[in-house]
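Working notes for the structure below.
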Amino acid sequence: MCGIVGYIGDREALPVLINGLKRLEYRGYDSAGVALLRNQIDVYKCKGKVSDLERFMGDAPHSGNIGMGHTRWATHGEPNDVNAHPHTSYNGKFVIIHNGIIENYARLRERLKERGVHFKSETDTEVLCNLIGYIYENSEVDAEMAVRLALSKVVGAYGLVVMCVDEPDKLIAARKGSPLVIGVGNEEYFLASDATPIVEYTKSVIYLNDGDVAIIRKEQLILKTSAQDVAVPKVQQLTFDIGEIDKGGYEHFMLKEIFEQPQSIEDTFRGRVRADELELHLGGLYEVLPQLVEAKRIVIIGCGTSWHAGLVGEYLFEDLARIPVEVEYASEFRYRNPIIHKDDIVIAISQSGETADTLAAIKLAKEKGALVLGICNVVGSSIPRETDAGVYTHAGPEIGVASTKAFTCQVTVLAMMAILIGKKKGVLSTERYHDLIKEFIKVPAKTQRILALADHIKKIASLYQNVTNALYLGRGYLFPVALEGALKLKEISYIHAEGYPAAEMKHGPIALIDDKMPVVVVATKDSSYEKIVSNIQEVKARSGIVIAVVTEGDTVIRDMADHVIEIPEAENVYATLLSVVPLQLLSYYIAVMRGCNVDQPRNLAKSVTVE
Ligand code: M6R
């Protein structure tokens, strides 16, 4: 979380920085700021969004060819003007922007205070900035060494950019635990927390590794590793275009991303699910496939929506490949001394590839000797680089804070993996394998048909926009879909919502049922259909309101429920992909009708890079 941008070259830096901050605002939007260097360093910052910063700066010219910008998700210190980045050192020598957490900031702050250093903000970042300034002032070192020495005293995570007023020809960038990408132009460099602000200027990028420090002049980039060795930067080419990170005519990124799902699901299985040969290939897993086939246990880790995708994965691997699965919140995993054997397979799921809790869990699993695989969306992000092998989802950039297309693409990958392993293990007959492949190919078109129900779903949303609570129910494969539907509603509309296995309702939540709270039931036709029909009757018997997602032509539930959303027929394996789409739309429309900022819900950030 927190977005970082930087620029050095011949252009005016400010438009590059403001543009970049707007693209990164999904990472945090509590405050924003920029620093521009020309003879002196000028800092402008304020509470609020990038648009507030623009208003604050006004129309007066702000010149400089070197600069940095920051959009904040507050960790230490409330969102206000003073706590906004960039921070300036007490002696005015250094300016810094930072993403991450300095865990030992309190002790460092006390020590600096004892030496007469004054602080203006409550942030851990200012502590680091003052530490750099103090070392620079009291030792015979240059700016780079002052940064290095300060970082050697720091416990925690950082992606940061520093400017020094005495060395006005350079930016210094460093990374440990928080991502940083450098865009390589013609005698110019761009810096950012991810590649979205960079792609419109250059497709050549360098991803910094943990421990790297980059000294960036307009005509030269020097990259040094944690051992202070000069390293040859590995320049990679971005594979997406600027058009993919625009709203494309939709009112919100979230709506655009919901509507992109037929394409993104297809992009994720293209070249992997082969209709012509009725075969499935996953190149990223080729070398580890024998271990997957022999696996005694799979442990899936993730957070939020990615954890929900992991729960679908549990059903998929156990059903299709007969491998026992445990699904763990990455944030809990390492705090409970987990039992991981060397022959366990750990699968980490993450859209961003930067979630700190997931990264920490991966490190622990590797320490314990497990083979760790990644399912990730952002190419070149930390998780694919930390894992032994993996499969990319090809969802394209997901900008809306509420995850939508990432979920369906993660489930697409998990389904491909389970089917492939099931076949290789001999659990799936060739006939079943071929049937699953044929059905896979139909998912994008079926998803498209669900999107055509948007107006119908919008009408249902209009009836329930003012509720304060909602219950989501599902069984089997569709239970994680209920959880995901509830998360979508609460995170963007601020309506309290709970997801439950439908049969668990009678063990407690049934007490909540009244004629005001909608109960959203995912009830497509599968082996537990009769049971969920009974659950719906239990709700109706208590004057509850039922919104049911059902299989097309289901007259039984239509006669019982208050509203039905009919989706194309699909077996369990694919019903998860289809049934989540109406729930995404329902949440979206309710949030819009309530006047909520769906792309940037309060208190949230897209990429949670702090533990
Ligand atoms: O980037 P990741 O998939 O690792 O992110 C995990 C969660 O932070 C994320 O899914 C979050 O729960 C979303 N806001 C859900 O919509």
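The values are calculated or read from the model by the stated rules, or taken from the named source; none is laboratory data. All values reported here derive from a predicted model rather than from experimental measurement. Note that each Cβ is placed from the backbone with ideal geometry, even for glycine, and that neighbours are counted across all protein chains shown. All accessible areas refer to the heavy atoms of the entire protein, side chains included, with ligands and DNA or RNA removed. Shrake-Rupley method; radii C 1.70, N 1.55, O 1.52, S 1.80 Å.
Details
- Which listed residue is surrounded by 19 or more Cβ atoms within 10 Å (Cβ to Cβ), assigned by TED's automatic domain parsing to the domain that holds Leu487, touching a residue at least 24 places away in the same chain (Cβ under 8 Å) and outside any helix (DSSP H, G or I), from Ala605, Ala575, Ala570, Ala591: Ala570
- The single residue among Asn130, Asn80 that is modelled with pLDDT under 95 and among the polar types (S, T, N, Q) turns out to be Asn80.
- When Glu367, Glu332, Glu328 are checked against the criterion of being free of Cβ contacts under 8 Å to residues at least 40 places away in the same chain and more than 19 Å from the chain's Cα centre (by Cα), a single residue qualifies: Glu367.
- The requirement of being modelled with pLDDT of 95 or more, open to solvent by less than 30 Å² (accessible area, probe 1.4 Å) and more than 16 Å from the ligand (Cβ to nearest atom) is satisfied by Gly422.
- Within the range 383-400, tally of residues that are touching a helix residue (DSSP H, G or I) at 6+ places or on another chain (Cβ under 6 Å) and either open to solvent by less than 10 Å² (accessible area, probe 1.4 Å) or within 16 Å of the ligand (Cβ to nearest atom) (or both): 11
- Selection over the range 293-321 of residues that are closer than 20 Å to Leu371 by Cα and either over 26 Å from the mean Cα position of the chain (by Cα) or not aliphatic (A, V, I, L, M) (or both) gives a count of 15.
- Count of residues meeting criterion [open to solvent by less than 10 Å² (accessible area, probe 1.4 Å), within 16 Å of the ligand (Cβ to nearest atom) and either touching a Gly at 6+ places or on another chain (Cβ under 9 Å) or of a type in the set (D, E, K, R) (or both)] in the range 317-359: 7
- Qualifying residue in the range 530-537 (condition: basic (Lys, Arg) and assigned to a loop (DSSP other than H, G, I, E, B)): no
- Condition check for Gln600: open to solvent by 10 Å² or more (accessible area, probe 1.4 Å) and either within 16 Å of the ligand (Cβ to nearest atom) or free of Cβ contacts under 8 Å to residues at least 24 places away in the same chain (or both): yes
- Residue match in the range 546-559 (condition: within 16 Å of the ligand (Cβ to nearest atom) and either touching a Lys or Arg at 6+ places or on another chain (Cβ under 7 Å) or in a helix (DSSP H, G or I) (or both)): no
- Boolean, Gly156 is modelled with pLDDT under 95 and open to solvent by 10 Å² or more (accessible area, probe 1.4 Å): yes
Residues checked against (1) over 29 Å from the mean Cα position of the chain (by Cα); (2) outside the structural domain of Val564 (by TED's automatic domain parsing); (3) crowded, with 24+ Cβ neighbours inside 10 Å:
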residue	(1), (2), (3)
Leu463	yes, no, no
Leu478	no, no, yes
Ala482	no, no, yes
Lys488	no, no, yes
Tyr494	no, no, no
Tyr500	no, no, no
Leu512	yes, no, no
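Here's the yes/no breakdown for (1) assigned by TED's automatic domain parsing to the domain that holds Gly474; (2) open to solvent by 10 Å² or more (accessible area, probe 1.4 Å); (3) not in a loop (DSSP other than H, G, I, E, B):
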| position | (1), (2), (3) |
| --- | --- |
| Lys296 | no, yes, no |
| Ile362 | no, no, yes |
| Lys366 | no, yes, yes |
| Leu373 | no, no, yes |
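- Taking the range 173-229 as the range and being small (Gly, Ala, Ser), open to solvent by less than 20 Å² (accessible area, probe 1.4 Å) and not in a loop (DSSP other than H, G, I, E, B) as the test, the residues that pass are Ala173, Ala174, Gly183, Ala192, Ala214.
- Entry remark, the range 486-542: residues being of a type in the set (Lys, Arg) and within 25 Å of Ala591 (Cβ to Cβ) number 3 in total.
- When Val427 is tested against (1) open to solvent by less than 10 Å² (accessible area, probe 1.4 Å); (2) outside any helix (DSSP H, G or I), exactly one condition is not met: (1).
- Listed by position, the strands (runs of 3 or more DSSP E) enclosed by the range 1-104 that each have at least 2 residues that are crowded, with 24+ Cβ neighbours inside 10 Å are 3-8, 31-38, 66-72, 94-99.
- When Val327, Val312 are checked against the criterion of being in a strand (DSSP E or B) and in the same structural domain as Glu398 (by TED's automatic domain parsing), Val327 stands alone in meeting it.
- Residue within the range 403-417 that is surrounded by fewer than 23 Cβ atoms within 10 Å (Cβ to Cβ), at pLDDT 95 or above and part of a loop (DSSP other than H, G, I, E, B) present: no
- Flag for Ser429 being assigned by TED's automatic domain parsing to the domain that holds Val581 and farther than 16 Å from Glu566 by Cα: no
- Of the candidates Ala309, Ala370, the single residue that is small (Gly, Ala, Ser) and modelled with pLDDT under 95 is Ala370.
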